[in-house]
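Novice: For reference, the structure I am asking about is given below.
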Amino acid sequence: APYSMTPDGRTLVWNVGDVSPSAMPMSWTVTGLVGLHFAGVLTNLVQAATASDEPFTANNSDPATTLVTPPPPVVLISGVLYDGYQLNDVDEAIQIINVGTLPVNLQNWRVTEGTSSGAIFPSFTLGVHQRVWAALNAAQFRDSFGFWPDFAVTSTLTTSVPTLSGSWPAFSNTGGNAQLKDSNGQVVDRLVYEGEALPVNGWSGPTVYPYTAGGVEGQIIARVPDERTGLPAPDTDTAADWIQYTGNYTTGQRVLYPGWAMEPFFWPFTTTAPATITLGVAPDNAFDVVSQAIRSAQRSIEIEAYELRHYGVITEIVQKARAGISVTLLLEGDPVAGMSSQGLWACKEIEAAGGRCWFMHQDSSSRLYARYRYIHAKFIVIDRQRLLVSTQNLTGGGMPDDDKSDGSFGSRGYVLDIESPDLAARAGLIFDRDRDTAHTDIVRWGSSVFVDPPPDYTPITTSGGTTTTVLFPAPQVLTDATQFELFTAPEASLRQSDALLGLVARARAGDEVYVEQMYEYPNWGDDLTAPNVRLKAYMDAARRGAKVRLLLNSGSFDQDYIDLVKNYTTTAYVNATAQSEKIDLQARMGDPTRFGIHSKLVLVKLNSAGGLAYSHVGSINGSETSSKINRELAVQVESQGLYAELARVFQADWNLSAPTFLPLVMRDYAPPDHIVISEVLYDPSGNPDTGKEWIELHNPTARAVDISGWSLGDAAADGEFGAGRYLFPLNTILPSGGVIIIAQQAADVTFRPNFEFLSDPNRDDLTVPNMLPAAAWDLFGLALSNTGDHVILSDAAGQVVDVVVWGGSSYPGTLPHPGVIMSDHSLERRPAYKDTNDCAADFVDRTPPTPGTVP
C-alpha cells in the first residue's frame, strides 16, 4: 500500500484503503529501522477510520511503546609509549580511539597506571573513529613525534594544547597496567605490558612485550588494525590484540615508532588513469631514463633516495637548479658504509646551485632519533606530474653512464618513469611527510654534521666498464597500463589483502610468479624462527599450483665481500621443499651482469583470471627490516606490455644463471688434472695457536676454475662433532697456476690471506672475505688437530676433489703423512701438482712455511 511521512519526520502514514468486513480479521506488519544515533521512546500507534460494522483494535498485540537506548560508548587504548626517546621519558604518551557509533564526551575520563589517580580529561567530544594523543609533556612529545599532542599534563605558553588535570601516571619501562577509565571510574580498556604481575582483572594470558627485531626504546605498543577499516581489530583483552604479539607472524611481530605516518599511508594508493611508462633496465639503459626525466623538469625535482653518488645524475640536477628549477633532496644520513665524500660533494654542488639537500639523521646522544632504520626508497617526482620508481641507487654501479657499445659494468635492476599526475601527487605527499622539518631527524646540508668533503677530494666522474654485454640497449615505452597501485613500507608492505602479498595470494594453478631479488632471508623473527612472509607467499603460490621461479643475487657489487649465506640457505631450502612436496618451484642464485642483482622485481601472470599481468617494482628487499622498519616505496602495474618486457629480462637472467657442472676429474689421471691442497700449517706455535692455522690451494690445470660453493674443512659429513666445513663465496675464481690461502683468523697471521674461517667474529678483518659456514658450523672456524686430522676439498656438487691426511687420522682411499716434526713446520706438496693419494709421498715437512708460493 502507498505510504508517506509526516512533515516532522516522526510518523509513517500507510494508506491501506477500503477493507471489506469479509476480509476481517486482518493484520498488518510494518518493519522499519531505527537510526544508530536515535535515542528516546518509539510509539507504536495505529489510527483508522472505520464503519460501524468494522471492528478495529487501535493498537496491535505488541507493547504500545518501546524504549530505544543508545549503544554504550566504545573507546579503546590504541597506543602507548612508555619507554620514550626523551630524557627521563618525559615524552610518554597514550593514544585513545572511539570505535563506537556515537560521539563520546571525555569529561572526567582519565588515563591511569595501576591504582594511580591518573590524568583527567577536560570536557571534549571524541568523534566517531577519532583518535587523540594524551601526553605528559607537550613540547617533549612534539620533539619525538613531530606534531603536538591533543592533550598534555604540561603544556607551553605558546601553544594551545588543552591541559589534563591530575597527574601523569608515569608508566614503568619494565612493566605496567595502562588503563582508561570513564567518568564513573570504571575501567573501559587496559594494556598490560612487560613484567607486570599477573593475573590482572580484565586481561587474559601473557603480557605484551616490545618486538625486539626493532629497537625497544621509543617503540609504541599499538593495536592490530583491521585492513578494511584501519580501525583496531575486535578487542579480546589479550596480547594478540597488539602488533608486537609474537604468536602471530601475519598480523603481529611488528613495530611502531613516533612520527610514522601509518594512517594516511595504511592503504595502498590506486589509480586507473591512463599513463605512459618508460622502462629502463640497469645497467643497460637505466641512466638514460633517469637523466631524460630530470631534463624534462619545468618546475620542480624532488628526490628521496638512499644515496646520491652518480656524477652524471648530480650534473643533471645541478644544471636544473642553476636554471631556476626547484630542487629538493631527502637522503639517508647514516648509510651502512657511512656518508661518502662523493655524497657530500654532490650536496655541496646542489646547494651552491640553489637546490636544497636534506638528510634523515640519528644522533641518540643528542636525543635525536631517525623515524626509520634507513631511507631506502628510491623515487623521483618531476613537476608533481611524473614519478620515477627505481630498484637502483643513484650510483655509478646502480646505473652506469658509460658507452654501452663495448659493454658495461653495473648491477641488474629497473626503473619506471611513469607520467601520472595521480601517482606523482601521492609520492609527493610521501616526500612532504618524510621531509617535514617539524621532525628533528631532518637535518640540512651545511649543518655541523653534513659539511663539505675533504678539501683535496676529487669527485669520481666515470662509471661502467666492458664486463657485460648489453642485451637491452634501448628503454621501452608502454601505454597499455590499466591500473597502478603504489604503497610504502612500513605502512602497507605486508598487507594481506592487497599490495605485494595480496597480489601473490591470487596466483594458483596455471599462473606464473617470477621473483628477481637482491636477497630473500629464509626466516624472520626475534629468534629467526618465524617465516619470511614474502618467501612463504611465493612458496604457497607454488603449493596452489602456480609456476614459481626465484632468482637471488650471487654477485659482489664490486665489493671485497658480500654476505651471501642467507641466499645460499634460502635457495637450498626452496629447492629442497620443491622436491619434497613435488611442486613447480625453483630457486637459483645468479649474477647475469657480473656485478650483482640489485633488483626488487616480482612478476605475476594470472592466466587463471584471463591473463592479467602485474609487475611489482620498487626498493623493498627480502629482510624483515626492509618491510617493517625502513622507508621503502614500490609500485604494482597491471600491463601486458610491461610484464612482457620485464619477463623477457628475467628469462634472460634466469638462463644466464643456470648452474653448470664441470665433469669430475678423477685423481688418477695424468697431472696436471685438478685443484690440489698444496700446503697446510696445522701446528703453529703460541698459545692459543688455533688462529694461526692456514691452508693453501693451487690450481695446476690449464684453465681457471670457479670454486664458488666448493667446501673446505675437516668434516667428512655434516654434523660431525669437533669438525668444520666452510664454503667459498660466489665469484671465487682460482686462475690457472694460481694460489689462494685460507687462514683461520686473518688477524693472527703475518701475511694477508685470501679468505679467513673467522673463529672469533669480534676480530674480523673486514678487508679479508670470510668463508661461509656450511650446515651447523657457524662461528666454529676450523681447528685442526696436531696429532692427526685431515683437510677435505669438495666441489659444489659435494664430490671430493682432494684430501690431505696426517698423523693418526685416516680417510678412505688416502694414505696419511706421519706429520710434521715440530711446531711452525708445514706440510707442503712437492711438486705442487703431484697427487698419488699417498700423503707421505706427496708432502714434505717444510720450514719455514711458504704461504702463497708453490714448488
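Novice: Of Trp445, Trp267, which has the most accessible area with a 1.4 Å probe, and how do the rest follow in descending order?
Specialist: Trp267, Trp445
Novice: Hey, could you grab the Kirkwood Rh for region 515-591? Inverse mean 1/r over distinct alpha carbon pairs, Å, one decimal.
Specialist: 12.9 Å
Novice: Rounded if a/c is under 1.5, else prolate if a/b is larger than b/c, else oblate: which is region 97-143, with a ≥ b ≥ c the root eigenvalues of its Cα gyration tensor? Show your work: numbers first, answer last.
Specialist: Values: a/c = 2.13, a/b = 1.34, b/c = 1.60.
Verdict is oblate for region 97-143.
Novice: Note down the Stokes-Einstein diffusion coefficient of region 339-449 in µm²/s, whole number, using a Kirkwood radius over alpha carbon pairs, 37 °C, and 0.692 mPa s.
Specialist: Using the Kirkwood radius from Cα pairs, D works out to 203 µm²/s.
Novice: Report for the chain the percent antiparallel among DSSP-assigned beta bridges with both residues inside it, nearest 5.
Specialist: The answer is about 80 percent antiparallel.
Novice: Considering only protein heavy atoms and a 1.4 Å probe, what is the carbon-and-sulfur percentage of the accessible area of region 770-839?
Specialist: 55 percent
Novice: Also: For region 390-449, what percent of Cα pairs sit more than 13 Å apart?
Specialist: Of all Cα-Cα distances in region 390-449, 75 percent exceed 13 Å.
Novice: Compute the FRET efficiency between Ala797 and Arg763 as 1/(1 + (r/R0)^6), taking r as their Cβ-Cβ distance and R0 = 30 Å, and round to the nearest 0.05.
Specialist: 0.35
Novice: Further question on the same structure: Taking θ as phi - 60°, what are the ³J(HN,Hα) couplings along region 508-520 by the Karplus curve (6.51, -1.76, 1.60), each to the nearest whole Hz, with x for Gly and Pro?
Specialist: Karplus-based 3J(HN,Hα) across region 508-520 equals 8, 3, x, 8, 10, 10, 10, 10, 10, 9, 4, 7, 10 Hz.
Novice: How do the peptides 643-655, 230-242 rank, highest first, by the average count of neighbouring beta carbon atoms within 10 Å per residue?
Specialist: 643-655, 230-242
Novice: Right, something else. From the C-alpha coordinates alone, can you work out the Kirkwood hydrodynamic radius of region 301-365, in Å? Don't skip to the end; give the middle numbers.
Specialist: Numbers: mean 1/r = 0.0837 Å⁻¹.
Over region 301-365, the inverse of the mean reciprocal pair distance is 11.9 Å.
Novice: Find the accessible area per residue for the chain; the probe is 1.4 Å, ligands and nucleic acids are left out, and the unit is Å².
Specialist: 42 Å²
Novice: Counting only protein heavy atoms and using a 1.4 Å probe, what share of the accessible area of region 531-574 belongs to carbon plus sulfur, as a whole percent?
Specialist: Percent of accessible area from carbon and sulfur atoms in region 531-574: 49.
Novice: Out of Pro232, Leu198, Met262, whose Cα points farthest toward the positive end of the dipole of region 182-281 (charges: +1 Lys, Arg; -1 Asp, Glu; placed on Cβ)?
Specialist: My answer, from the dipole projection, is Met262.
Novice: Can you run phi through the Karplus equation (6.51, -1.76, 1.60; θ = phi - 60°) for region 299-315 and list ³J(HN,Hα) in whole Hz, with x for Gly and Pro?
Specialist: 10, 8, 10, 10, 10, 10, 7, 6, 8, 9, 9, 7, 4, x, 5, 4, 4
Novice: Follow-up question, since we're still on this one. Using the Karplus curve 6.51 cos²θ - 1.76 cosθ + 1.60 with θ = phi - 60°, what ³J(HN,Hα) values do you get for each residue of region 127-134, in whole Hz, with x for Gly and Pro?
Specialist: x, 4, 6, 7, 10, 9, 9, 10
Novice: When the Debye formula is applied to the Cα atoms of region 764-855, each taken as the same point scatterer, what base-10 log of I(q)/I(0) results at q = 0.11, 0.13, 0.17 Å⁻¹?
Specialist: The Cα Debye sum returns log10 ratios of -0.38, -0.53, -0.90.
Novice: With the calculation restricted to Cα positions, what are the radius of gyration and Dmax of the chain in angstrom?
Specialist: In Å, with Rg to one decimal and Dmax whole: 34.3, 133.
Novice: Something else now. Using a probe of 1.4 angstrom, how much of the accessible area of region 351-411 is carbon and sulfur, in percent?
Specialist: 42 percent
Novice: Would you list which lysines come within 29 Å of Lys582, measuring only between C-alpha atoms, while excluding same-chain residues fewer than 8 positions from it?
Specialist: Those lysines meeting the cut-off are Lys536, Lys547, Lys566, Lys600, Lys605.
Novice: Here's another thing I want to ask about it. For region 152-219, what class follows from the C-alpha gyration tensor (a ≥ b ≥ c being the square roots of its eigenvalues): rounded when a/c is under 1.5, otherwise prolate if a/b is larger than b/c, else oblate?
Specialist: Verdict is oblate for region 152-219.
Novice: Which value, in Å² and to the nearest 10, is the accessible area of Tyr369 when all protein chains are kept and the probe is 1.4 Å?
Specialist: 30 Å²
Novice: Run the Debye formula on the Cα coordinates of region 265-313, all scatterers equal and no solvent, and tell me log10 I(q)/I(0) at q = 0.19, 0.25 1/Å.
Specialist: So the normalised log intensities work out to -0.93, -1.15.
Novice: To check my understanding: the extent here is largest minus smallest coordinate of the Cα atoms along each principal axis. What are those three numbers for region 214-267, in Å, largest first?
Specialist: Sorted from largest, the Cα extents of region 214-267 read 26, 24, 18 Å.
Novice: Quick query: amide H of Val188 versus all other amide H atoms, modeled in the peptide plane; which residues come in under 5 Å with a sequence gap of 5 or more or a different chain?
Specialist: Leu180, Lys181, Asp182
Novice: Now a separate question. Among the aspartates and glutamates, select those whose C-alpha is under 15 Å from the C-alpha of Lys628, and discard any that sit fewer than 8 residues away in the same chain.
Specialist: Glu491, Glu520, Asp526
Novice: Does region 168-316 classify as rounded, prolate or oblate by the C-alpha gyration tensor (a ≥ b ≥ c root eigenvalues; a/c under 1.5 gives rounded; else a/b over b/c gives prolate, otherwise oblate)?
Specialist: Values: a/c = 3.09, a/b = 2.58, b/c = 1.20.
Prolate is the answer for region 168-316, as a/c is 1.5 or above and a/b outweighs b/c.
Novice: Can I get the semi-axes of region 116-205's equivalent ellipsoid? Compute them from the C-alpha gyration tensor as square roots of 5 times the eigenvalues, in angstrom, largest first.
Specialist: Output for region 116-205: semi-axes of 25, 16, 12 Å.
Novice: Report, in whole Å, the centroid distance computed from the Cα atoms of region 122-169 and region 803-845.
Specialist: So the two Cα centres are separated by 77 Å.
Novice: Same structure again: Quick one: putting +1 on the C-beta of Lys and Arg, -1 on the C-beta of Asp and Glu, what dipole do you get for the chain around its Cα centre, in Debye to the nearest 20?
Specialist: Numbers: 56 positive and 96 negative charges, 343 e Å.
Value, rounded to 20: 1640 debye.
Novice: When only C-alpha pairs under 8 Å and at least 6 residues apart count, what is the relative contact order of the chain, in percent?
Specialist: The normalised contact order for the chain reaches 8 percent.
Novice: Which value, to two decimals, describes the C-alpha radius of gyration of region 232-379 once divided by 2.2 N^0.38 Å? Before the final figure, lay out the partial values.
Specialist: Values: Rg = 19.9 Å, N = 148, 2.2 N^0.38 = 14.7 Å.
Taking N as the residue count of region 232-379, the ratio is 1.35.
Novice: Tell me which cysteines of the chain come out unpaired when the rule is another cysteine's Cβ under 4.7 Å.
Specialist: Cys839, each lacking another Cys Cβ under 4.7 Å.
Novice: Return a whole-number percent for the relative contact order of region 257-329, with Cα pairs under 8 Å and 6 or more residues apart as the contact set. Numbers along the way, then the final one.
Specialist: Details: 40 pairs, mean separation 19.8, N = 73.
About 27 percent, as a whole number.
Novice: Next question, about the same structure. Would you mind computing, in nm to one decimal, how far apart the modelled labels at Ser296 and Thr847 are, each placed 7 Å from Cα along Cα→Cβ?
Specialist: Label at Ser296, label at Thr847, 7.5 nm between them.
The values are calculated or read from the model by the stated rules, or taken from the named source; none is laboratory data. Worth saying up front: this structure is predicted, and the values here are computed from it rather than measured. Quick reminder, even Gly has a Cβ in these numbers, built from the backbone with ideal geometry, and neighbours come from all protein chains shown. Please note that ligands, DNA and RNA were not included when accessible areas were found on the heavy atoms of the full protein model with its side chains. Shrake-Rupley method; radii C 1.70, N 1.55, O 1.52, S 1.80 Å.
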